[in-house]
Amino acid sequence: MKKLLLIATVVVLVAIGIGAWIFVGPGTRFSGTKETLYIPSNGATKLGVLDSLQKHKIITNTAAFNMLAGRLNYWKNIRPGKYEIKKGASLLSIVRMLRNGQQTPVNLVITKWRTKADFARAAGAKFEFDSAAMSLFLNNQDSLNNFGVEPQTAMALVLPDTYTFLWNTTPQKVFKKLADESKKFWTPERLQKGVEKGLTPLQASIVASIVDEETNAAAEKGQIASVYLNRLSKGMPLQADPTVKFALNDFGLKRIYHKHLSFESPYNTYQNKGLPPGPICTPQKKTIDAVLNAPETNFIYFVASPKFDGTHEFSATYAEHLQKAKAYQQALNRQESIRKNKG
């Protein structure tokens, strides 16, 4: 009798051990170091979760997961989102993570984007919503009213940086965070510098966007900004080539010809005086600061340096500018001639 009781006890203990191991031992099935489970907002159901776990071969025992999830009351509180599951995670830890809504953060890295379409594509690749949803938001005046911008000026609130969100964040909440960060950037000191330059935050951002498209040389951004500020103060057209490229939606143009300058668009600063309706790219924070801290100069013109080192030559008179422009064209022609001969 004692022997049978001992055997029964051992059997029970083994069964308990096996059962416990099923729930607390390694419960993943995939071969990589991690796998991502996406639970969409419109598919946050028991069937949807189980189907996704099976389809992507994330767990080893779906029946055990189902039972454990029921015991821990997960099925009554499914939270949509993006969940990163590491190889070797137990079923218990996975269920707890899902039940507690411990989503994996999504980083939206904003660099230099030229158009709202660029923004929409990048966001659509990172979040649950698609690019069309973000485009709809950015082009809807009713959506933008709360942020004090219009479709043409919305990108002025999008400053290059890395922003952290949850995968199922809506377009409105994504934009709100960007707008909030933009508001923080515009400190009283920066606002005052803008006043001294005669610029609102929007105008400073537009000027900075043009400067960013003109050069990557940080050391001369203030000088280029001074040229455009001088032209504005004199009532001259900006005549900024990057605005023509933006108007044409052709950012690969190497040279701007007369046929390009005649293109009708409010962004064509050869045809229209003053600033374009909105920024032509997402300006860097450092470039906005370069505009706000632009030196007082008498420069009205600039042309690319014949050294082809990414810098520019600045002039206060048109005659001086013509000489420097001629030197650049000659250097460019020589370079093209050498390239053709090598070809």
Remind me, relative contact order of the stretch 191-323 in percent, using alpha carbon pairs under 8 angstrom and six or more residues apart? 32
The stretch 84-177: equivalent-ellipsoid semi-axes (sqrt of 5 x gyration tensor eigenvalues, Cα, Å): 31, 13, 11
Note the full-extension length gain between residue 341 and residue 96 as 0.36 nm times their separation in residues minus their Cα-Cα distance, in nm to one decimal. 81.4 nm
Return the distance in nm (one decimal) between the two label points of a simple spin-label model at residue 62 and residue 24, each offset 7 Å from Cα along Cα→Cβ. 2.8
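Want the number for residue 142 to residue 307: 0.36 nm per residue separation, take away the alpha-carbon distance, what's left? Walk me through the numbers before you get to the answer.
On the way: separation 165, 0.36 × 165 = 59.40 nm, distance 4.93 nm.
Using 0.36 nm per residue and subtracting the Cα-Cα distance, I get 54.5 nm.
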Give me the extension gain from residue 121 to residue 163: residue separation times 0.36 nm, minus the current Cα-Cα distance, reported in nm with one decimal. 13.5 nm
Applying the span-like rule to the chain (DSSP H, Cα extent along axis at least 30 Å, Kyte-Doolittle mean at least -1.0) gives 2-24
Residue by residue, what Karplus-based ³J(HN,Hα) values in Hz, rounded to whole numbers, does the stretch 263-276 have, using 6.51, -1.76 and 1.60 with θ = phi - 60° and x for Gly and Pro? 5, 7, 6, x, 8, 7, 7, 7, 9, 10, 7, x, 7, x
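If the only charges are +1 at each Lys and Arg Cβ and -1 at each Asp and Glu Cβ, what is the size of the charge dipole of the chain around the Cα centre, to the nearest 20 debye?
Numbers: 45 positive and 26 negative charges, 315 e Å.
For this selection, approximately 1520 debye.
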Given R₀ = 41 Å, what would the calculated FRET efficiency be for residue 254 paired with residue 36, taking r from the Cβ atoms and rounding to 0.05? 0.45
Each label point is 7 Å from the Cα along the Cα-to-Cβ direction; what then is the distance between the points at residue 330 and residue 196, in nm? 4.2
Over the chain, relative contact order from alpha-carbon pairs under 8 Å, at least 6 apart, %: 14
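Report D for the chain in µm² per second (integer): Stokes-Einstein, Kirkwood Rh on Cα pairs, 25 °C, 0.890 mPa s. Present the calculation step by step, with values, prior to reporting the outcome.
Details: Rh = 24.6 Å.
In µm²/s, the coefficient is 100.
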Using a cut-off of 16 Å between alpha-carbon atoms, which lysines can reach residue 324, once sequence neighbours fewer than 8 places away in the same chain are excluded? 307
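Need one word for the stretch 225-285: rounded, prolate or oblate. Basis is the Cα gyration tensor (sqrt eigenvalues a ≥ b ≥ c); a/c below 1.5 gives rounded, then a/b vs b/c decides.
Values: a/c = 1.76, a/b = 1.25, b/c = 1.41.
Here the stretch 225-285 falls in the oblate category.
A short reminder: the numbers here are calculations on the coordinates, not readings from a lab. Note that this is a predicted model, so its numbers are computed, not measured. As a convention, Cβ positions derive from the backbone with ideal geometry for all residues, glycine included, and neighbour counts pool all protein chains shown.
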